[in-house]
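Below: one structure, written as structure tokens.
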Amino acid sequence: MKAAEFDYARAASVEEVCRLLDSANGDGKIIAGGQTLVPLMVMRLTRPSLLIDVNHIETLKGIMIDSDAVVIRACTRQYDALNDVALAKALPLLAKGLAMVGHPQTRNRGTVGGSLANSDPAAEICLLARVLDAEITAVSSQGSRVIADKNFALGAMTTALSSEECLTEVRFPIWQIAGRIGTAFDEMSIRRSDFALVSAACQVALDQSGVCRRAVVGIGGAEPSPLRVDAMEQRLVGTKLEATDLAAAADLLRDAIDPITDNHASADYRRRVARELSLRVMTVARDEALAARN
């Protein structure tokens with residue numbers, strides 16, 4: 001198939017993007033890497049009347065890191081974020097998840113902001129944003145606003161962005177907590193680089209006696225949006241993350257998750273895999289935190 005007819009505009013600034021979106025009357029789409037949008041257009045699952053190219057806007061590119069957060073501008077290529085040494089040091093979980101996004105060819109073109117804006121349930125960056133409490137900045141001709149990730153993803157391919165808004169950057173806070181931090185990211189896919197049937201991410205902070213002071217656990221690919229599992233996190237805090245603690249936390253997924261069934265996997269399969277992956281990432285994150293004392 002071929003995409004339906006559309007007009008094309010190359011924007012030189014965010015302000016121009018906003019003007020073009022307004023002129024499209026809700027029927028404009030922004031293209032950066034095009035790794036999701038182009039296939040959808042080819043299959044005519046989306047038919048924008050106007051395609052707005054933002055690849056030449058320098059203010060939408062780059063990574064800023066300070067003691068509080070990592071800020072990634074929307075048009076930053078996934079490859080560049082993955083290979084940023086300072087980013088990997090500041091937020092190792094983000095680097096681990098980025099390494100599982102597609103394959104080198106897609107990471108060379110795909111952008112961090114584009115992945116969030118498309119909100120694919122299986123997208124690793126969407127899960128990372130959920131687990132790391134990311135904040136997304138959106139700009140329109142009416143001004144800008146910051147959207148907490150927990151309020152951003154509304155469902156599969158659906159976000160809180162309005163049709164007149166352009167996603168400009170995402171802010172990933174860095175934990176301000178004393179202690180040793182461990183992280184892990186893993187997923188199950190039919191083939192390496194395929195969309196994840198289920199993915200899991202975990203970050204824990206242990207004090208000097210090995211007691212968990214903070215924990216986050218997330219599951220992607222199983223539901224229409226990434227899931228933070230509050231019950232699991234609460235079960236881990238205050239424990240030494242013994243095997244029995246991790247198993248008990250993983251068991252809580254039975255009631256916390258409502259998996260989808262599609263052509264690739266059943267809900268029951270996703271539920272079982274989610275439990276095993278969550279147990280795996282919790283174990284790896286714990287061991288990494290314990291090893292940090294050396």
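The values are calculated or read from the model by the stated rules, or taken from the named source; none is laboratory data. Please read these numbers as outputs of a predicted model, since none were measured by experiment. Every residue, glycine as well, gets a Cβ built from its backbone with ideal geometry; the counts of neighbours run over all protein chains shown.
If you go through the stretch 258-267 one residue at a time, do you hit one that is over 28 Å from GLN35 (Cα atoms), at pLDDT below 95 and of a type in the set (A, V, I, L, M, F, W, C)? Within the stretch 258-267, not a single residue is over 28 Å from GLN35 (Cα atoms), at pLDDT below 95 and of a type in the set (A, V, I, L, M, F, W, C). With respect to SER163, is the statement that it is in the same structural domain as ALA122 (by TED's automatic domain parsing) and either assigned to a loop (DSSP other than H, G, I, E, B) or over 20 Å from GLU276 (Cα atoms) (or both) true? Yes: the conditions hold for SER163.
When ILE147 is tested against (1) in contact (Cβ under 8 Å) with a residue 40 or more places away in the chain; (2) of a type outside the set (S, T, N, Q); (3) outside any loop (DSSP other than H, G, I, E, B); (4) surrounded by 14 or more Cβ atoms within 10 Å (Cβ to Cβ), just one condition goes unmet, and that condition is (1).
Among what's in the stretch 32-59 and is free of Cβ contacts under 8 Å to residues at least 60 places away in the same chain and under 20 Å from CYS126 (Cβ atoms), pick the residue that is surrounded by the most Cβ atoms within 10 Å (Cβ to Cβ). That would be LEU40. Checked against (1) of a type outside the set (Gly, Ala, Ser); (2) touching a Ser or Thr at 6+ places or on another chain (Cβ under 9 Å); (3) free of Cβ contacts under 8 Å to residues at least 40 places away in the same chain, THR159 passes all but condition (3).
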